[in-house]
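Peer 1: Shown below is the structure under consideration.
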Amino acid sequence: MTTAIYSPDAAAEAPFSEQHAALSVSRRPLAAVTGAEIQAPLIQGGHIRYANLDYGASAPALSVVSAYLNEILPYYASVHRGAGYASQISTSVYENSRTIVRDFVGGRSDDSVIFTRNTTDSLNLLAGCLPAAGGRHIGEVLYLDIEHHANLLPWQGIPHRSVVAEDTLAGTIANLRAELEQGDISLLAVTGASNVTGEILPIRELAALAHEFGARIVVDAAQLAPHRRINIAADDVDYLAFSGHKLYAPFGSGVLVGRPDWLDAGTPHLAGGGAVREARLDSVSWTTGPARHEGGSPNVLGAATLARATEVIAALDQDLWHAHESAIRSFLVEGLQKIEGVTVHQIFSDTGSATDTIGVVNFSVEGYDAGLVAAYLSAEHGVGLRDGRFCAHPLLKRLGLPSGSLRASFGLGSRLEDAQRLLAGIEELRRTGLGWDYVVDAGRWVPANDTRTYPEWAPNTPGTAGAAPCIED
């Protein structure tokens, strides 16, 4: 069997329709990322450049961020209260990262910037800071059924209400208004952009709606921040959470930015050193500010590289940035829609593909399990994308995809060839079927009799493909 391989030069010569006149901006990466040229072994033999279409899970580190990491790594030390030279430098880098991140999201001067492990951690932190009196929460949390689990599960342990999204964005906002009108809502929790379909929600409009009824708003910007500039002061957003690993920075790092009053009065997120004013054998006086929730030794390098990534993104030409992403997405959506048996999924019928979406495309292939298609694309075409239910189980059920679908996601390091390779693989699957036998191993589809190996430094452990399965018995 042979694999269709596209070169950038061939792509440049290919005929495109008028709406693809802007594709020239997408034929090369918009920014250099680490690992852009790694070679993936093909099951049928040989190697091919890995086409990374899984940015929505973890984006590759920007090359300038990797270089920055190497620059500061020799000075890495524990931060705060250290008199040593390296500790002083690390503390300066860590604390300055707060200012950089606050500026990146257009934060207010008094907004707290708390470094966490990821977006999930940030939203769990906020859940412990909602106002309460007499041991009871004041008001409830309101959220949609389209949310990622990070913006769904933290609220289920406290008073909450959920709203089923309509088939239109306008109808969904009307449903939120109707629920807010009932009163007793303290916080509206919404995603900035769906991690499943890439559709963007109007956070300025939603913030105004929440405030109209005396509630605050938190935005899960894990997917939005890597694709659009955000200004929480201008949009009047109270709290914003996002993750470094989706924003072209390595390590597990996240951040929560927002109004300090709830955070300063809330339950400390991690009881430990650095979070206290005074500790006694049977009691403690907690500090306020970010330190209240950053007990223990923080992820200095994670915070620093996250901040550096935001500086790079802030300096991008926004028109060029959006044109690059939109051209790849439009090309991929149009190509998928032309293949018989392929369905592209979205939540709202009134969402504009070119303007109201980020670099995410969700689809399914008739007659094939999503996990099998993903395994086939990886093994036979060197294409990496995501399959499953994307930690958004209620939404997948709503879309009629209880067993999952496929998600292609891309960003600054992507190129048109990645989308072309995906389309070639799907076309070949529909035309001739699988080129190899596949079996289920530990809950995941894998090639049978796979003799490919990992790099010599990486553990080649059988069965790890099925780690942490997302299934219901």
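Peer 1: Looking at (1) in contact with an Asp or Glu (Cβ under 7 Å, 6 or more places away or on another chain); (2) farther than 19 Å from Ile232 by Cα, find the lone condition where Ile114 falls short.
Peer 2: The one condition Ile114 does not meet is (2).
Peer 1: Give me a count of the residues in the range 416-462 that are open to solvent by less than 80 Å² (accessible area, probe 1.4 Å), without any contact (Cβ under 8 Å) to a residue 40 or more places away in the chain and either of a type in the set (Asp, Glu) or on the phi > 0 side of the Ramachandran plot (or both).
Peer 2: Looking only at that region, the number is 4.
The rows are residues; the columns are (1) among the aliphatic types (A, V, I, L, M); (2) buried (at least 24 other Cβ atoms within 10 Å of the Cβ); (3) at pLDDT 95 or above.
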{"residue": "Ala379", "(1), (2), (3)": "yes, no, yes"}
{"residue": "Gly384", "(1), (2), (3)": "no, no, yes"}
{"residue": "Arg398", "(1), (2), (3)": "no, no, no"}
{"residue": "Pro402", "(1), (2), (3)": "no, no, no"}
{"residue": "Arg407", "(1), (2), (3)": "no, yes, yes"}
{"residue": "Gly411", "(1), (2), (3)": "no, yes, yes"}
{"residue": "Ser414", "(1), (2), (3)": "no, yes, yes"}
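Peer 1: Same structure, new question: Kindly indicate which of Ala241, Ala207, Ala189, Ala234 is surrounded by fewer than 21 Cβ atoms within 10 Å (Cβ to Cβ), touching a residue at least 24 places away in the same chain (Cβ under 8 Å), out of contact with any Cys (no Cβ under 6 Å at 6 or more places or on another chain) and not in a loop (DSSP other than H, G, I, E, B).
Peer 2: Ala234
Peer 1: Name the pairs whose Cβ atoms lie under 8 Å apart, with the first residue in the range 342-371 and in a loop (DSSP other than H, G, I, E, B), the second hydrophobic (A, V, I, L, M, F, W, C) and surrounded by fewer than 16 Cβ atoms within 10 Å (Cβ to Cβ), and 6 or more positions between them or separate chains?
Peer 2: Asp350/Ala170
Peer 1: (1) modelled with pLDDT under 95; (2) over 28 Å from Ala165 (Cα atoms): which one isn't true of Ala354, the others all being true?
Peer 2: In the conditions (1) modelled with pLDDT under 95; (2) over 28 Å from Ala165 (Cα atoms), Ala354 misses (2) alone.
Peer 1: Is it the case, given these coordinates, that Leu247 is touching a residue at least 60 places away in the same chain (Cβ under 8 Å), more than 28 Å from Asp184 (Cα to Cα) and within 19 Å of the chain's Cα centre (by Cα)?
Peer 2: It is true that Leu247 is touching a residue at least 60 places away in the same chain (Cβ under 8 Å), more than 28 Å from Asp184 (Cα to Cα) and within 19 Å of the chain's Cα centre (by Cα).
Peer 1: Residues of the range 38-93 being more than 30 Å from Val361 (Cα to Cα), assigned to a helix (DSSP H, G or I) and open to solvent by 60 Å² or more (accessible area, probe 1.4 Å), which ones?
Peer 2: Asn70, Glu71, Leu73, Pro74, Tyr75, Tyr85, Gln88, Ser92
Peer 1: Only one of these conditions is not met by Arg308: (1) in a helix (DSSP H, G or I); (2) under 16 Å from the mean Cα position of the chain (by Cα). Which number is it?
Peer 2: Condition (2) is where Arg308 drops out.
Table: residues versus (1) more than 17 Å from Ile114 (Cα to Cα); (2) touching a Ser or Thr at 6+ places or on another chain (Cβ under 8 Å).
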position	(1), (2)
Pro226	yes, no
Arg229	yes, no
Asp236	yes, no
Leu240	no, no
Gly244	no, yes
Leu247	no, yes
Gly258	no, yes
Leu263	no, yes
Gly266	no, no
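Peer 1: Follow-up question, since we're still on this one. Among the basic types (Lys, Arg), touching a residue at least 60 places away in the same chain (Cβ under 8 Å) and over 17 Å from Val360 (Cα atoms), is that true of Arg398?
Peer 2: yes
The values are calculated or read from the model by the stated rules, or taken from the named source; none is laboratory data. Predicted, not measured: the structure shown is a model, and the values here were computed from it. All Cβ positions, glycine included, derive from the backbone under ideal geometry; neighbour counts span all protein chains shown. With ligands, DNA and RNA removed, areas are computed over all heavy atoms of the protein, side chains included. Shrake-Rupley method; radii C 1.70, N 1.55, O 1.52, S 1.80 Å.
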